[in-house]
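I have placed the structure first, in the form of structure tokens, so that the comments after it can refer back to it.
Bear in mind these aren't lab numbers, they're just calculated from the coordinates by the rules spelled out. As the structure is a computational prediction, the values presented were derived from the model and not from experiment. Positions of Cβ are generated from backbone atoms using ideal geometry, with glycine treated the same way; all protein chains shown enter the neighbour counts.
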Amino acid sequence: MAFDRFGRKIHYLRISLTDHCNLRCIYCMPEEMTYRPPAEMMQDDEVLLLTRLFADLGFDKIRLTGGEPTVRAHIVDIVRGIAAIPGIRHVTLTTNGVLLSKLSKPLAAAGLERVNVSIDTLNPAKFKRLTRGGDIEDVWEGILAAEAAGLTPVKLNAVVVRGYNEEDVVDLARLTREHPWQVRFIEMMPFGGATDLQTGQMVSAKDMQGRIEQALGPLVPANGGQLDGEARIYRIPDAQGDIGFISSVSAPFCADCTRARLTPDGILRMCLLREYEIDLLTPLRAGASLEDLRKMVLEAIWNKPWGHGLADGEIPLNRVMSEIGG
Ligand code: SAM
Ligand code: SF4
């Protein structure tokens, strides 16, 4: 078991498999984003070796993310390899859904438990604008394919941006009436270098909930008032699915954080919104022993920052979201 100095048990690893993406969402990366060469990124065997190391330290939950994890070559084999590691009990994926119509079945067969699919609006023109060119039909087909393949419960993620999609929260929330999905609304977080709109156009979870309740009536707290991951969960009465709010900016959940993150270039990042990082890939390639790496990981976990510093104006500048993995 790995604990930090605040007594938090850290057992959930988010692995970003690539910084590449087939979309360019306005809140995630700059328009002229350039990607890392493949040689700088963890190779398949390195991903598996590091995951085994974390599993030996008591990590039992892995989320694959990116960039867009489904554009990574051998994604199905990577999932299969991770799911077979002793101690790993949950393997999940966060994806933009574009490639899910063809990948859902093989991913499910390889041991993937479920997916979170990002979809910020149901309006095709707005979707194109938010993703700088994406086709919402691809995502919709992907969501249905994921459900058919048993990658359930499907969770949908929507980042809400003032001036782009704040009115669309109502249509997205309404989906839960007919579908057993969890639709989660996410406050936009700022990362230096991505774009200025992250600070100026953030919509608070309170504002989102107000808009939904004004249109659909009062939401009922669900999940016994407990957080589901980082989301506060509600329900439209008689709906099949849930609605979640992720208020990372206005009401952080740092006290309950159990996470570490591995970037595509093999760097361990202990807080999404702090620049504190420990390079694991360079020592691994230089011949460090597993015992050396294990010590580095335990020390990094021990020194996990208490929480982010957004309230004090501290914005991480060294990477944008797609280079860390959400
Ligand atoms: N490409 C995949 C996707 O879009 O789901 C996985 C990677 S993406 C970086 C992971 C999640 O981070 C997505 O739900 C995305 O909407 C969210 N995200 C990206 N930039 C964000 C930001 N500035 N603030 C909050 N969430 C953000
Ligand atoms: Fe790509 Fe996901 Fe970032 Fe959108 S949020 S640009 S889909 S990595």
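Assorted remarks:
- Quarter of the Cα convex hull surface for region 90-197, i.e. its orientation-mean projected area (nm²): 7.2 nm²
- Within region 150-214, all pairs of alpha-carbon atoms sorted by distance into 5 Å bins from zero give the percentages 4, 17, 26, 21, 15, 10, 6, 1.
- Calculated mean residue ellipticity, 222 nm, the chain: -9000 deg cm²/dmol, from DSSP H runs (n ≥ 4) at -39500 (n - 2.57) each, averaged per residue and rounded to 500.
- Trp140, Trp302 arranged by Cβ crowding within 10 Å, fewest neighbours leading: Trp302, Trp140
- Principal axis box of region 12-323, alpha-carbon based, largest edge first, Å: 59, 45, 42
- What separates the Cα centres of region 115-152 and region 239-297 is a distance of 26 Å.
- Using bins of 10 Å that start at zero, the share of Cα-Cα pairs per bin across region 169-326 amounts to 10, 32, 28, 20, 8, 2, in whole %.
- Under 5 Å between amide hydrogens, built in the peptide plane, is the criterion, and for Gly326 it picks out Gly66 among residues at least 5 positions away or on other chains.
- With neighbours defined as other Cβ atoms within 10 Å of a residue's Cβ, the residues Thr282, Thr121 order from fewest to most as Thr282, Thr121.
- Ordered by the count of other Cβ atoms within 10 Å of each Cβ, fewest first, Trp181, Trp306 give Trp306, Trp181.
- Projecting the Cα atoms of Asn303, Leu13, Ala73 onto the charge dipole of region 12-323, computed from C-beta unit charges around the Cα centre, puts Leu13 farthest toward the positive end.
- Charged neighbours of Asn123, selected by a Cβ distance under 14 Å, balance to -3 (K, R count +1; D, E count -1).
- A straight line joining the Cα centroids of region 160-225 and region 5-77 runs 26 Å.
- Stokes-Einstein, applied to the Kirkwood radius of region 217-272 over Cα pairs at a viscosity of 0.890 mPa s and 25 °C, places its translational diffusion at 185 µm² s⁻¹.
- Cross-linked pairs Lys155/Lys304; Lys105/Lys126; Lys61/Lys155; Lys206/Lys304; Lys61/Lys126; Lys128/Lys155: Cα-Cα separations exceed 24 Å for Lys155/Lys304; Lys105/Lys126; Lys206/Lys304; Lys61/Lys126.
- Among beta bridges that DSSP assigns inside the chain, antiparallel share in %, nearest 5: 30 percent
- For region 12-323, a crude dipole built from +1 on the beta carbon of Lys and Arg and -1 on the beta carbon of Asp and Glu, taken about the Cα centre, is about 420 debye to the nearest 20.
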